[in-house]
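Quick note: the coordinates plus some simple rules give every number you see, no bench work behind them. Fair warning: this is a prediction, and the values are worked out from it, not measured in the lab.
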Amino acid sequence: MPRSDWPHAPLHRIDQHGAYMVTGGTYRKEPFFDTDAKLDMVLDTLLEVAGGCEWQLQAWAVMANHCHFVAVSPDDAATLGRLVAKFHMLTAKVANQMDGMPGRRVWYQYWDSRITYERSYLARLHYVHTNPVHHGVVPVATAYRWCSAGWFERTADRAFRRTVDSFKVDRLSVVDDF
């Protein structure tokens, strides 16, 4: 029997190994991660939790009120739900401790999509790497330490970087109204 879509929340169809793009937004789009220390904590937690769940991060951008990441799943892609739940729980708990606001709701929900085409994968890598520029936080993505643009520039093959950078992102359908 086919699964019915729930109209009030994003549907998570995580049943196949592959690359996924994930966007998480804060409750009411509030900038809960508004200091360097909080952004450091969120990024460190993302890297730790993703690694612990055996997801291979390919790109990430952590902002004051949302984050994006592209990652390749382990054999069991259904672990994405546990990854996001643990990431949200840990970062909310620490942010609330830092702000003296126990029990405050921090995260709203998340959206995910399995990337099925190479061109879509490359465009999404570019989108995530340049997300801080898209939101006007920095003029150059590599200057923003909470995204993967600098890491990508330092570690990726030059030809691959040029390929990724050549993809236009203006026609992508990504939840990003933050």
Once phi is turned into ³J(HN,Hα) by the Karplus curve 6.51 cos²θ - 1.76 cosθ + 1.60 with θ = phi - 60°, what whole-Hz value does each residue of region 50-65 show in order, with x for glycine and proline? 4, x, x, 8, 6, 8, 9, 5, 10, 7, 7, 8, 10, 10, 4, 10
Take the Cα radius of gyration of region 27-178 and divide it by 2.2 N^0.38 Å, with N its residue count; two decimals is plenty. 1.03
Candidates S120, S148, S73, ranked by Gaussian network fluctuation over the chain, Cα under 10 Å, top entry: S120
Calculated from DSSP helices alone, with each H run of at least 4 adding -39500 (n - 2.57) and the total divided by the residues of the chain, [θ]222 nm to the nearest 500 comes to -12000 deg cm²/dmol
Per-residue HN-Hα couplings for region 36-42, Karplus 6.51 cos²θ - 1.76 cosθ + 1.60 at θ = phi - 60°, whole Hz, x for Gly and Pro? 4, 4, 5, 4, 4, 4, 5
Quick one: 3J(HN,Hα) in Hz for region 78-93, Karplus 6.51/-1.76/1.60 with θ = phi - 60°, rounded, Gly and Pro as x. 5, 5, 4, x, 5, 4, 5, 4, 5, 4, 5, 4, 5, 5, 5, 4
If one builds a Gaussian network model of the chain from Cα atoms under 10 Å apart, the most fluctuating residue listed among C147, C53, C67 is C53
For G18, which sequence-distant residues (separation of 5 or more, or a different chain) have an amide H within less than 5 Å of its own amide H, given hydrogens modelled in the peptide plane? S73
